[in-house]
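One structure is given here, and the rest of the page talks about it.
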Ligand SMILES: [Zn+2]
């Protein structure tokens, strides 16, 4: 399945956010959307990092990780 950001047409370099049973995709341009095809089990399987970092708020996490729009149009590898 090919996924593109509806705002900037980017194809990759996403941030996945899990909240309860929902998974959200965030683009570098700061556009975000609910992705109903990613379940909690899918999310946990994708994000199997033992030292997860948490942030005081979603907004602070987005800024710290570069998903607040500062890198719009950029793919960071
Ligand atoms: Zn985008």
Original post:
In nm, to one decimal, how far is the residue 13 label point from the residue 46 one, both placed 7 Å along Cα→Cβ?
Top reply: 1.7 nm
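At a Förster radius of 25 Å, what calculated FRET efficiency corresponds to the Cβ-Cβ distance of residue 55 and residue 2, to the nearest 0.05? Could the numbers behind the result be given before it?
Values: r = 30 Å, r/R0 = 1.20.
E(calc), rounded to 0.05, equals 0.25.
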Subject >> Theoretical ellipticity at 222 nm over the chain - DSSP helices of four or more residues, -39500 (n - 2.57) apiece, nearest 500 >> reply: -4500 deg cm²/dmol
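Based on the Cβ-Cβ distance from residue 34 to residue 77, what FRET efficiency comes out when R0 is 22 Å, to the nearest 0.05?
0.25
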Original post:
Taking the Cα centre of each part, how many Å lie between the range 51-72 and the range 9-30?
Top reply: 11 Å
Subject >> All-pairs Cα distance distribution in the chain, expressed in whole percent, bin size 5 Å >> reply: 3, 14, 25, 26, 22, 9, 1
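Rule-based calculations on the coordinates, nothing more; no lab input. For clarity, every value in this text was computed on a predicted model and none was experimentally measured. We place every Cβ from the backbone using ideal geometry, glycine too, and count neighbours over all the protein chains shown.
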